[in-house]
Amino acid sequence: MGNFARYIPHTPEDIRRMLETIGVKRVEDLFETIPTKYRLSKSMNLPESLGEPDLLRHLQELQPPLCASFLGGGAYHHFIPAVVPYLISRSEFYTAYTPYQPEISQGTLQSIFEYQTLMCQLTGMEVSNGSLYDGASSLAEAVLMAFRITKRKKILLSQAIHPEYRKVIETYIDPDQQEIILIPYRKGDGRTDEKALSDLLDESVNAVVIQSPNFFGVIENLQGIGKEVHQVGGMMIVGFNEAIAYGILAPPGEFEADIVAGEGQSLGIPLSLGGPYLGIFTTRNKHVRTMPGRLVGETVDLEGKRGFVLTLATREQHIRREKATSNICTNEGLCALMATIYLSCLGREGLREVAMMNLSKAEYAKKAISKLKGCRQTFSGSTFNEFVLEIDGDPEKVLGEMKKEKIIGGLPLAKFYPELNRHLLVTVTEMNSKEEIDRWAKVLEKCLERA
Amino acid sequence: MKFPEDLLYSESHEWLKVGDSTLRDEGGRATIGLTDYAQSQLKDIVYVELPEIGSEFKKGESMGMVESVKTVADVFSPITGKVVETNHTLKDSPQFVNEDPYGKGWIIKMEIKDKGELKELLSFRAYQDFVPKEEE
Amino acid sequence: MKKRDTGLIQDEPLIFEQGGEGRKGYSLPRWDIEEAEAKNLIPSHLLREDLEGFPQLSEIDVVRHFTRLSQWNYGVDSGFYPLGSCTMKYNPKVNEEIARMSGFANLHPYTPEDLAQGAFRLMYELGDFLAEITGMDDVSLQPAAGAHGELTGIRMVKACLQARGDGRKKVLVPDTAHGTNCSTSTIASYQMVEIKSNENGVISPEKVAEQMDEEVAAIMVTNPNTLGLFEEHLAEIAEIVHRKGGFVYCDGANLNALMGIVKLGDLGVDVIHINLHKTFSTPHGGGGPGAGPVAVKKELAPYLPVPVIEKDRGVYRLNDVRPHSIGKMRAFYGNFGVILKAYAYILSMGSEGLKRASEMAVLNANYLMKRLKDDYHLPYDRPCMHECVFTDRFQEKYHVSTLDIAKRLIDYGYHPPTIYFPLVVKAALMMEPTETESKESLDGFIETMITIAKEAEEDPDLLRQAPQRVKVRRLDEVLAARKPKLKWNPEDR
């Protein structure tokens, strides 16, 4: 037998005895219900099986090279403490299934309860689910949930929301039932245009969706929006890409948000080319029965001991079937656990400190290039750890030069915002050292001088 | 299993009592709930979703939902009518539907639109025959 | 701290109920730049005062807490996990090592394509592998789970029909379908029409023909179905559906029975989703992350979500200029960390290994079925595929239910099979052993099940009081649903 034998324990003797018990002569006889004309006569066209050493060598060769990075835009390079991968590698966590049998899943269930609590604390809201797929689909689910509640047609979507998130929302909605109207951003401060928003608010509005910090890294002024939206009977949905920002920013829950839905990747989850990530979803208690996703609740057992169970499952696909609040089954359980462990390590002081370090590093980067001729910060609004830089020249050329120095200098915005075709989104986190930022600024200076 | 004689029944396991004991006008209203059989099938009820006061339903339309831990069941309107009252106590005590389905566990009061429809409902005997026998 | 008296089972409080003011469990890069003044940069009403309730723990507090929590769990590595239609097969450890390789773990999704070729190459190759295994033409790795893949697939069918100017309203779903199939149809704004399976437990062409008309967009089948039976009439059914312009969607959750044996694409399937966390050994994670790639026939390829990975003269690139695409189902490209593991698994198994896996999965299930049918009622006494379904009918007379049997298994150290699903069988016990269980492992389970059947007859209280050997017993789910308590509050202190 090939290299795969280590994953399939059957010996020829085992097989013989089992066939005998079953009462058939050969293994093929077990497939007699499959019409012969469809049974494959030749083997599948797949590469020959590799043993572990060759497999590792192959994958090692495929590994991309490591560079200093100033990339953000919905995925962030943050420090992951060693305890996070260590603890989630415990096989009782990662080889377990969904906790349908609570007596033997108290580990998973209690950790989800802790996760739900932390997400409420982080976003300032009243109830959280056990996770959705990612920030984008989470925000889309928020829009669908608002529709279930208000049954209204119009969605006012800020143009400063992550473009991929907006595309996911467009994909998720039923265009016969819902209509998206974009609220522009202001060219000066990079915030959503509040006046344009107010002008569009009326009783046909289902929800206003705004992201803070927004895709440009600018911190939105959420105050007052909630009140206005509620006056017309709509819902306020706030999204976010960078969860660490809420280490220092006032959470959307303080601004009357009805649903807060965003990305939790920053909380101890590796970049991993865009997934698996963590869709955070929180709302108010009064909406709990229309919420999508798993919920863990506290209860007691026969002897009065505290325990945890999946609850309010009647919202979900396996019971409500065609009337479910969502079709989600498998979610991002292990990623939610990573976030829980990460936040347990960092705690109250740590989350605040890492947020401050991000803010400070970004400010340092801004100062480093403030004196350079040929580039300028585009938006005047306050930012967290990302900002938009306008370049006099072709951003792709500049990035090309930086790549030679093993620096990925930023994210060109032209493909997302055609009007920002000379602009880069620059992200600085606690993982960019002063030396790296200085090097980045120096290379940028050289490129601009050459242009 | 209880089958009170003064009630009418639907094949979807709702009961209907003509009249409203809180009013002097007896004929125009009906009180509606789920039968003892229905609650025994659903087991422990955890939540009752009630319709808005003033909403109108045709006979056979779903008016609301009753949830247990593992199932959800519609409450179908046995007649065509308008909702005039709902049982708020079920919000904190959904178990009344289990404990006292014909009394404290009443769900909805409606204004009857078409008295003729009452003839189409089952008598307690007909409903008793309709209900599957307990496998004991 | 409260005195511990629960032996090694450990009574571990919540993270919020331990630690203390000023306790630290983290470290950060050193402050090599000046700390900014937040209030000089951000308006004060947009700053938060505090992270109230957040824990303050040392590293050892965190490690002990989660280590203890893990000890109350049961995973595939703990023992047999016969959940039907979940394919709880062994998760190879080398795949975990690969996912942690820093070149992959630290790869930002917006890394310029020329610096990420290895990653895009392996995604492209996995797409090819999955297309080959299922007999389809094109694949998207974007969906994050099976249900997500289902929604993607049905949306693509809808888009294709709309492009033809064909606004169909209905989807046919067998009564054996998984709940996600039903909720997916509704979310895609289709009306679900149920097709009843016949007395052999499969759907018959006649029943489908009765319901198939020009208003039906698709039929959603699972093959093998949730009874563990091969839908033997699928090819004929596909023809009936195609003739009236509809599509055949296949829920690929049970693919573990068919690899190298039959290609679902050959049976007329137009679109199928695949659960990498089932068939392709990536871990379940206690509820994810998974991945639900969707594979389609050429006709539906233009509707795939963007971006699509293309190969042009040896260079891999992302293409999101696809005018007919349904759009995006999530940000970025897919659960790459999961995709990596499935890729490594397929390379470890090869075509011979995958076929062997399916053969042994089916062998194991039939062995279980044969050895348990004297003690447990088998509603469909026919050869099964990779899973089989029993009921509690033989035990009813002792007033013992499927639930009691499941809970008693826990006392014997087993995770119970799936219970009360599929709905077409009353009080179902659905078991999927997978190919990674040895004969001894199965024999141990079989002996236990036979013992439990005897206990049901001779001492049924043992079952009704089960489980006994656990941390908490028969949790009050009614209370949890009536008075939901979904987070810890500082007032609880």
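The values are calculated or read from the model by the stated rules, or taken from the named source; none is laboratory data. Values in this document were obtained by computation on a predicted structure and should not be read as measured data. Backbone-built Cβ (ideal geometry, glycine too); neighbour counts: all protein chains shown.
Data overview
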item: So A:L55, is it at the interface with chain C (Cβ under 7 Å from one of its Cβ atoms), surrounded by 13 or more Cβ atoms within 10 Å (Cβ to Cβ) and touching a Leu at 6+ places or on another chain (Cβ under 9 Å); result: yes
item: Positions within the stretch C:50-67 being in a helix (DSSP H, G or I) and acidic (D, E), in sequence order; result: C:E59, C:D61
item: Subset of the stretch B:51-89 (residues that are over 21 Å from B:G19 (Cβ atoms) and surrounded by 22 or more Cβ atoms within 10 Å (Cβ to Cβ)); result: B:V66, B:E67, B:S68, B:V69
item: Residue within the stretch C:94-116 that is closer than 28 Å to C:P417 by Cβ and either assigned by TED's automatic domain parsing to the domain that holds C:G444 or at pLDDT 95 or above (or both) present; result: yes
item: Subset of the stretch C:1-40 (residues that are at pLDDT 90 or above, of a type in the set (A, V, I, L, M) and not in a loop (DSSP other than H, G, I, E, B)); result: C:I15, C:A38
item: For A:T123: the one exception among (1) within 7 Å of chain C (Cβ to nearest Cβ); (2) in contact with a Pro (Cβ under 6 Å, 6 or more places away or on another chain); result: (1)
item: Residue, surrounded by the most Cβ atoms within 10 Å (Cβ to Cβ), within the stretch C:169-205, restricted to residues that are out of contact with any Phe, Trp or Tyr (no Cβ under 9 Å at 6 or more places or on another chain), outside any loop (DSSP other than H, G, I, E, B) and β-branched (V, I, T); result: C:T180
item: Selection count where residues are within 13 Å of another protein chain (Cβ to nearest Cβ) and buried (at least 23 other Cβ atoms within 10 Å of the Cβ), scope the stretch C:437-452; result: 1
item: Selection count, the stretch C:331-347, where residues are within 7 Å of chain A (Cβ to nearest Cβ) and within 19 Å of C:Y124 (Cβ to Cβ); result: 10
item: Pick from the stretch C:299-314, criterion in contact with a helix residue (DSSP H, G or I) (Cβ under 7 Å, 6 or more places away or on another chain) and closer than 21 Å to A:L62 by Cα, ranking: surrounded by the most Cβ atoms within 10 Å (Cβ to Cβ); result: C:I309
item: Residue match in the stretch C:68-84 (condition: within 30 Å of A:E436 (Cα to Cα), facing chain A (nearest Cβ under 7 Å), not in a loop (DSSP other than H, G, I, E, B) and not charged (D, E, K, R)); result: no
item: Residues (out of contact with any Phe, Trp or Tyr (no Cβ under 8 Å at 6 or more places or on another chain) and either under 18 Å from C:N73 (Cα atoms) or modelled with pLDDT under 95 (or both)) located in the stretch A:102-138; result: A:E103, A:Y115
item: Test for A:G74: is it part of a loop (DSSP other than H, G, I, E, B), surrounded by 21 or more Cβ atoms within 10 Å (Cβ to Cβ) and either at the interface with chain C (Cβ under 7 Å from one of its Cβ atoms) or modelled with pLDDT under 95 (or both); result: yes
item: Residue ranges of helices (runs of 4 or more DSSP H) in the stretch A:163-272 with at least 1 members surrounded by fewer than 24 Cβ atoms within 10 Å (Cβ to Cβ), outside the structural domain of A:N358 (by TED's automatic domain parsing) and of a type in the set (S, T, Y); result: A:163-172, A:194-200
item: Filter result for the condition that a residue is over 25 Å from A:L310 (Cβ atoms) and either within 13 Å of the chain's Cα centre (by Cα) or assigned to a helix (DSSP H, G or I) (or both), over B:K91, B:K104; result: B:K104
item: Residues of the stretch A:18-42 satisfying the condition of being facing another protein chain (nearest Cβ under 7 Å), part of a helix (DSSP H, G or I) and under 16 Å from C:Y367 (Cα atoms); result: A:M18, A:T21, A:I22, A:V27, A:L30, A:F31
item: Which numbered condition A:K403 misses (of (1) over 30 Å from A:L351 (Cα atoms); (2) touching a helix residue (DSSP H, G or I) at 6+ places or on another chain (Cβ under 6 Å); (3) within 11 Å of chain C (Cβ to nearest Cβ)); result: (2)
item: Residue under evaluation A:S138, criteria (1) more than 30 Å from C:D411 (Cβ to Cβ); (2) assigned to a helix (DSSP H, G or I); (3) within 7 Å of another protein chain (Cβ to nearest Cβ), criterion not met; result: (3)
item: Residue identified as surrounded by fewer than 17 Cβ atoms within 10 Å (Cβ to Cβ), within 7 Å of another protein chain (Cβ to nearest Cβ), more than 21 Å from A:S272 (Cβ to Cβ) and within 42 Å of the chain's Cα centre (by Cα) among A:N45, A:N3; result: A:N45
item: Index of the failed condition, A:D176 passing every other in (1) within 23 Å of the chain's Cα centre (by Cα); (2) within 23 Å of A:T325 (Cβ to Cβ); (3) among the acidic types (D, E); result: (1)
item: Residue in the stretch C:29-62 that is farthest from the chain's Cα centre (by Cα), counting only those that are of a type in the set (A, V, I, L, M, F, W, C) and surrounded by fewer than 16 Cβ atoms within 10 Å (Cβ to Cβ); result: C:W31
item: Which listed residue is of a type outside the set (F, W, Y) and more than 7 Å from every other protein chain (Cβ to nearest Cβ), from A:L310, A:L295; result: A:L310
item: Single residue of B:K104, B:K113 found to be under 24 Å from B:V46 (Cα atoms), surrounded by 13 or more Cβ atoms within 10 Å (Cβ to Cβ) and without any contact (Cβ under 8 Å) to a residue 60 or more places away in the chain; result: B:K104
item: Residue list for the stretch A:328-359, restricted to those being facing chain C (nearest Cβ under 7 Å), assigned to a helix (DSSP H, G or I) and among the β-branched types (V, I, T); result: A:I341, A:V354
item: Some residue of the stretch A:209-216 being touching a residue at least 24 places away in the same chain (Cβ under 8 Å), more than 10 Å from every other protein chain (Cβ to nearest Cβ) and over 25 Å from A:N358 (Cα atoms); result: yes
item: Residue in the stretch C:377-386 that is of a type in the set (D, E, K, R) and closer than 30 Å to C:T451 by Cβ present; result: yes
item: Residue that is in a loop (DSSP other than H, G, I, E, B) and among the β-branched types (V, I, T), where the choices are C:V400, C:V362; result: C:V400
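Quick grid of which residues meet (1) within 7 Å of chain A (Cβ to nearest Cβ); (2) surrounded by 23 or more Cβ atoms within 10 Å (Cβ to Cβ); (3) touching a residue at least 12 places away in the same chain (Cβ under 8 Å):
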residue: C:R322; (1), (2), (3): no, no, yes
residue: C:N364; (1), (2), (3): no, yes, yes
residue: C:Y367; (1), (2), (3): yes, yes, yes
residue: C:D375; (1), (2), (3): no, no, yes
residue: C:D381; (1), (2), (3): no, no, no
